[in-house]
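Data block below; observations after.
Throughout, read-outs are computed from the coordinates displayed, never taken from laboratory work. Model, not experiment: these values are computed from the prediction. Heads up, the Cβs are rebuilt from the backbone with ideal geometry, glycines too, and the neighbour counts pull from every protein chain shown.
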Amino acid sequence: MGSRGATESYTGWPVIPDLSSELRFLVKEIPCGQVTTFGALAEALGDLAAARWVATQLAQWRDDPQETTNIPWFRVVRRNGDLAAGAIVQRQHQAERLVHEGITVSTSGRVDLAVLWNAFHTAQPLKALADWQHRVAPVAQCYADIEIPRVVAAVDLSYSSPTQAVAAYVAYDWNRAEVVHTATITLPVTFPYIPGYLTFREVPAMCQVIEHVRRQGRLAQVILVDGTGRLHPRRFGVAVAVGLMTQCSTIGVSKRRLCGQPSPGESSEECVSLWDQDERLGAQLRHPAFRQPLYVSPGFGLSIDRSIDIVQRVWQQHRLPEPQFEADKLSRALARRMHK
DNA sequence: GCGACAG
DNA sequence: ATCTTGTCGC
């Protein structure tokens, strides 16, 4: 079975676990005649936040003729005892499999969770990754603010298939309002999207396109990253990791909020600080032309306030700041072209 | 039914 | 993020 669980060195990037293999192993541990929950499996992986991914992965195996007979997906139900989500025929199938193993399923499609099985053997690989984030986050907290540079870049990812990422880099001159450099790369991606762990999914591709631009000698002084920076439960969003790995100044900019609460005292419409555990981590920005706000936090090498200055400078014509809008457009166009 | 956890 | 029909706005 090889090495299970995440191990890492103190200084470098951690070994990224193969979560699908880990989950497959755990599901196969559930004994005949027993049931468990998606959340229990997620906790066995090391974080309840993975529950949704566990559910979607099990549904995938359920619907895959190659996998469905090897993996007892039907022994996993929701926390309230309900059978897994899905079409009526699939829920019926799950009920039949459970009844066949001697488990009582009510007419409404619910099992008694008093018998929930939970004795997994696991190294909790996600917990190892979270510990690594906690430990490395303080290293990224030093900064020496630069002036707002003329050229601000952005990196963004699209997917040409569920396992193939397209990373785009776009450098934008806000004074002349034009794109001055672009680059793209493609890379296989296997780590799933789990809230709080986006770093381990998207940072390798982002760093690779940035290193490519560095070799071209065209690296901008600041890079906007789709996602969060310090505005993260462990202060280690994807923008922090990209900055740390590349030693570039980075800013996390997201369309939705991962964590942080607006400070009650502030009345400003266009900029409200976001706090978590009595710590100011970033800001919610509003643009008069757009309904939806933007969530901004430093990744690496910049203060919160300078990060805000820079994002406001390049946020003009679209819902996303111009460099990100262009990077999104570019990566999506290439991903679509590759899909054909 | 509601709230919700980046991409 | 991606998958998609119908819908809305410039």
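A few remarks follow.
- Where a label projected 7 Å from the Cα of A:D145 along Cα→Cβ would reach, residues of segment A:250-266 with amide N under 20 Å: A:250-253, A:263, A:266
- Rounded to the nearest Hz, the phi-derived 3J(HN,Hα) couplings of segment A:96-101 under the Karplus curve 6.51 cos²θ - 1.76 cosθ + 1.60 (θ = phi - 60°) are 4, 4, 5, 4, 4, 9, where x marks glycine and proline.
- Cα-projected label distance for A:C271 with A:R24, points at 7 Å along beta-carbon direction, nm: 5.0
- Take each peptide in A:153-159, A:312-318, count the other Cβ atoms within 10 Å of every residue, and average; sorted highest first, the result is A:153-159, A:312-318.
- Computed over segment A:195-340: relative contact order in percent, which uses C-alpha pairs under 8 Å that are six or more apart: 20
- Cα gyration tensor, segment A:116-163 - rounded (a/c under 1.5), prolate or oblate: oblate
- Backbone amide hydrogens, once placed in the peptide plane, bring A:V222 within less than 5 Å of A:A153, excluding anything fewer than 5 places away on its chain.
- A Förster distance of 41 Å, applied to the separation of the beta-carbon atoms of A:W117 and A:D278, puts the FRET efficiency at 0.55.
- Placing unit charges on the Cβ atoms only, positive for Lys and Arg and negative for Asp and Glu, gives segment A:265-336 a dipole magnitude near 500 debye about its Cα centre.
- Karplus 3J(HN,Hα) series, Hz, for segment A:280-297 with 6.51 cos²θ - 1.76 cosθ + 1.60 (x for Gly, Pro): 7, 10, x, 8, 9, 9, 10, 10, x, 8, 10, 6, 7, x, 10, 10, 10, 8
- One chain, two ends: A:A85 and A:H318. Fully extended at 0.36 nm per residue, the span grows by 80.2 nm beyond their Cα-Cα distance.
- Scoring A:24-36, A:240-252 by mean Cβ neighbours within 10 Å over their residues and listing the highest first yields A:240-252, A:24-36.
- Long-range HN-HN contacts of A:V77 with modeled amide H, under 5 Å: A:T36, A:T37, A:F38
- Sorted peptide list for A:171-180, A:103-112, A:215-224, criterion being average Cβ within 10 angstrom, highest first: A:215-224, A:171-180, A:103-112
- Extension gain, A:R110 back to A:Q292 (0.36 nm per residue minus Cα-Cα distance, nm): 61.6 nm
- Helix-only CD estimate at 222 nm, as mean residue ellipticity for chain A, using -39500 (n - 2.57) per DSSP H run (n ≥ 4): -10500 deg cm²/dmol
- Separation in nanometres of the label points that stand 7 Å from Cα toward Cβ, at A:S303 and A:V180: 2.5
- Close amide H contacts of A:H181 (hydrogens built in the peptide plane, cut-off under 5 Å, sequence separation of 5 or more or a different chain): A:A171.
- Estimated vicinal HN-Hα couplings, Hz - segment A:141-147 in sequence order (Karplus 6.51, -1.76, 1.60; Gly, Pro = x): 8, 8, 8, 9, 4, 9, 5
- Förster radius 25 Å - calculated FRET efficiency between A:T190 and A:A333 (Cβ-Cβ, nearest 0.05): 0.55
- Extended-chain gain in nm, criterion 0.36 nm per residue less alpha-carbon gap, A:R257 and A:R214: 12.4 nm
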